[in-house]
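Okay, so here's the structure we're looking at.
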Amino acid sequence: MSRIIERRARRTILEALGDTRVVVVVGARQVGKSTLALALVDHDFPATVINLDERAKREAVLADPAGALADLDGAAFIDEVQRGGNDLLLEIKAAVDRDTRPGRFLLTGSANLLATRRTFEALTGRMEVIRLSPLTQAEIEGSSANIVDALFADEPTRVQDALKGRRAFVERVVRGGYPEVLGRTGRRRETWFTSYLEASLSRDLRELSDAHKLREMPRLLQLIAAQSANLFVVSSIAKRLGLDHRTVRAYCDLLEAAFLIHRIPGWRPGIGAREARTPKVHVVDSGLLCHLLGADVTRLSGDDQVTGKALESFVAMEVARHADWAQVDTRLFHYRSGRREIDLVLESRGGEIACIEVKAAASFGPRDWRAMEALRDERGESFRSGFLLYAGERTLPLGDRLWAVPISALWLE
């Protein structure tokens, strides 16, 4: 890409470096972790660069991790730190225990560094972990839009004359947010996704687990894609794969640690309620999801079964990314109680809630916001607002603290 895209995580990382000894930026491969960190080193965070993707440097660090850090003068940026092994992380711990100044180390890693207990224990209390995801549509557009903050302020973006119908979102959903995909279309885009999956399922998962576990991962990921936006019943998936349900659960842990899937738990408002706690599982990027489903723009425009699940996953992952840098600290859930379902429920640390229902059509009726209306009435003042994200042209009020909002509010200010 020729255009430099400003990442919203940049400010968060700099704030963390100002008061924390070790800042760890984690995320899937090819989301721009190294690019962002190097930009910080060039402009805001002068540091020695140690790139463990380089074979010679990696072998030297593995042979003598203490020596690799001994001659550092000032801060260091270590790229793909998980490739240096646990001994390197223990040496980082020792270094920051000797010198407790903030901003000693900026680390990046593709496979989840917190997946191993030893790693977690080594840096607990000394680090801040910042997740970098594929680009949001707001970042791609250069917008500061944040739908999470809008929900909790009950101030939806007042959209007028948005694109109507599926053309409002199909290209964005099929493209997704990986930086390398933005300039690709058609076969070149699909070739990139194929190579990306091969690298992620072999290299990243190999760093997290034994090699013999890898052969079932492509089939499992395909099944997860097919189940996207539905309740994820492990026993059903296990039966289709011919595996024990505990094995499938462990495999899902690996896929989540490699930042390929994201689980959204069910929300429970009270003890004794009948709300389902079964999670939904989403592929982390809608472009990757569409690749797994074999869905291009044409299919997404005409196949209702694919369109609904792809759009809900797209919105869920956009909202999850907005939550990472929102002013309001929230957790993300889905909601099901009897016949009432809400695609996304966000709960703040103070117990306030907001919710989103997703609709791929440009028209709607009262049944589309009935579940949000009932939840509003039950929760009273703790209910901040509910948005029905739809493929229509303008923002419309639906009643007290309820709004119909065009999908483009995810990227328009």
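The values are calculated or read from the model by the stated rules, or taken from the named source; none is laboratory data. In this text the structure is predicted, and so the values were computed from the model without any measurement. Neighbour counts run over all protein chains shown; Cβ positions are idealised from the backbone, glycine included.
In the range 98-117, is there at least one residue being at pLDDT 90 or above and assigned to a helix (DSSP H, G or I)? Give the steps one after another, and end with the answer.
Here is the first cut: in the range 98-117, the residues at pLDDT 90 or above are 98-108.
Retained after the next criterion (residues that are assigned to a helix (DSSP H, G or I)): 98.
Yes, that holds for at least one residue.
Out of Arg336, Arg384, which single residue is modelled with pLDDT under 95 and over 17 Å from the mean Cα position of the chain (by Cα)?
Residue meeting the stated conditions: Arg336.
Select, from Ala76, Ala68, Ala60, the only residue that is out of contact with any His (no Cβ under 6 Å at 6 or more places or on another chain), free of Cβ contacts under 8 Å to residues at least 40 places away in the same chain and surrounded by fewer than 17 Cβ atoms within 10 Å (Cβ to Cβ).
Ala60 is the lone residue from the list that is out of contact with any His (no Cβ under 6 Å at 6 or more places or on another chain), free of Cβ contacts under 8 Å to residues at least 40 places away in the same chain and surrounded by fewer than 17 Cβ atoms within 10 Å (Cβ to Cβ).
Is it true that Ile78 is in contact with a Leu (Cβ under 6 Å, 6 or more places away or on another chain), β-branched (Val, Ile, Thr) and not assigned by TED's automatic domain parsing to the domain that holds Asp285? It would help to see each step written out before you state the result.
On the way: in contact with a Leu (Cβ under 6 Å, 6 or more places away or on another chain): yes; β-branched (Val, Ile, Thr): yes; not assigned by TED's automatic domain parsing to the domain that holds Asp285: yes.
Here the answer is yes, as Ile78 does meet what is asked.
Within the range 195-230, can you find the residues that are polar (S, T, N, Q), outside any helix (DSSP H, G or I) and at pLDDT 70 or above?
Gln227, Ser228, Asn230 - these are the residues of the range 195-230 that are polar (S, T, N, Q), outside any helix (DSSP H, G or I) and at pLDDT 70 or above.
Among the residues of the range 263-280, write down those that are modelled with pLDDT of 90 or more, surrounded by fewer than 17 Cβ atoms within 10 Å (Cβ to Cβ) and in a loop (DSSP other than H, G, I, E, B).
Hit for the range 263-280 is Pro265, nothing else.
Please find, among Arg321, Arg340, Arg331, the residue that is closer than 25 Å to Ala9 by Cβ, in contact with a helix residue (DSSP H, G or I) (Cβ under 9 Å, 6 or more places away or on another chain) and surrounded by fewer than 16 Cβ atoms within 10 Å (Cβ to Cβ).
From the options Arg321, Arg340, Arg331, the qualifying one is Arg331.
Ala60 - would you say it is modelled with pLDDT of 95 or more and out of contact with any Asp or Glu (no Cβ under 7 Å at 6 or more places or on another chain)?
Against the criterion (modelled with pLDDT of 95 or more and out of contact with any Asp or Glu (no Cβ under 7 Å at 6 or more places or on another chain)), Ala60 does not qualify.
Checking the conditions here, which among His334, His322 is closer than 14 Å to Leu389 by Cβ and not in a loop (DSSP other than H, G, I, E, B)?
His322
Just checking, does the range 48-56 include any residue being surrounded by 12 or more Cβ atoms within 10 Å (Cβ to Cβ) and of a type in the set (Lys, Arg)?
So far as the range 48-56 goes, no, none of its residues is surrounded by 12 or more Cβ atoms within 10 Å (Cβ to Cβ) and of a type in the set (Lys, Arg).
Looking at (1) under 20 Å from Ile264 (Cβ atoms); (2) surrounded by fewer than 21 Cβ atoms within 10 Å (Cβ to Cβ), which is the only condition Ser363 fails?
(1)
Which ones in the range 50-81 are closer than 12 Å to Ile92 by Cα, over 30 Å from the mean Cα position of the chain (by Cα) and not in a helix (DSSP H, G or I)?
Passing the criteria: only Leu72.
Select, from Asp53, Asp19, Asp44, the only residue that is under 27 Å from Phe193 (Cα atoms) and touching a residue at least 24 places away in the same chain (Cβ under 8 Å).
After ruling out the rest, the residue left standing is Asp53.
When you scan the range 293-305, how many residues do you find that are buried (at least 20 other Cβ atoms within 10 Å of the Cβ) and assigned to a helix (DSSP H, G or I)?
Total meeting the criteria: 2.
Take the range 154-193 and flag every residue that is β-branched (Val, Ile, Thr), farther than 23 Å from Asp304 by Cα and modelled with pLDDT under 95.
Thr157, Val159
Please indicate, with yes or no, whether at least one residue in the range 11-25 is surrounded by fewer than 19 Cβ atoms within 10 Å (Cβ to Cβ), assigned to a loop (DSSP other than H, G, I, E, B) and modelled with pLDDT under 95.
No, every residue in the range 11-25 fails to be surrounded by fewer than 19 Cβ atoms within 10 Å (Cβ to Cβ), assigned to a loop (DSSP other than H, G, I, E, B) and modelled with pLDDT under 95.
From the list Ala150, Ala122, pick out the single residue that is in a helix (DSSP H, G or I), of a type in the set (Gly, Ala, Ser) and at pLDDT 95 or above.
Of Ala150, Ala122, the one residue that is in a helix (DSSP H, G or I), of a type in the set (Gly, Ala, Ser) and at pLDDT 95 or above is Ala150.
Within the range 360-413, work out how many residues are closer than 13 Å to Ala168 by Cβ and either aromatic (Phe, Trp, Tyr) or in a helix (DSSP H, G or I) (or both).
Residues flagged as closer than 13 Å to Ala168 by Cβ and either aromatic (Phe, Trp, Tyr) or in a helix (DSSP H, G or I) (or both) within the range 360-413 amount to 6.
For Arg166, only one of the following conditions fails: (1) part of a helix (DSSP H, G or I); (2) buried (at least 18 other Cβ atoms within 10 Å of the Cβ); (3) in contact with a His (Cβ under 9 Å, 6 or more places away or on another chain). What is its number?
Just one mismatch for Arg166, condition (3).
Taking the range 79-106 on its own, how many of its residues are closer than 19 Å to Arg126 by Cβ and either exposed (fewer than 13 other Cβ atoms within 10 Å of the Cβ) or without any contact (Cβ under 8 Å) to a residue 60 or more places away in the chain (or both)?
17
Looking at this structure, is Arg7 touching a Lys or Arg at 6+ places or on another chain (Cβ under 6 Å), crowded, with 19+ Cβ neighbours inside 10 Å, at pLDDT 90 or above and not hydrophobic (A, V, I, L, M, F, W, C)?
Answer is no for this residue.
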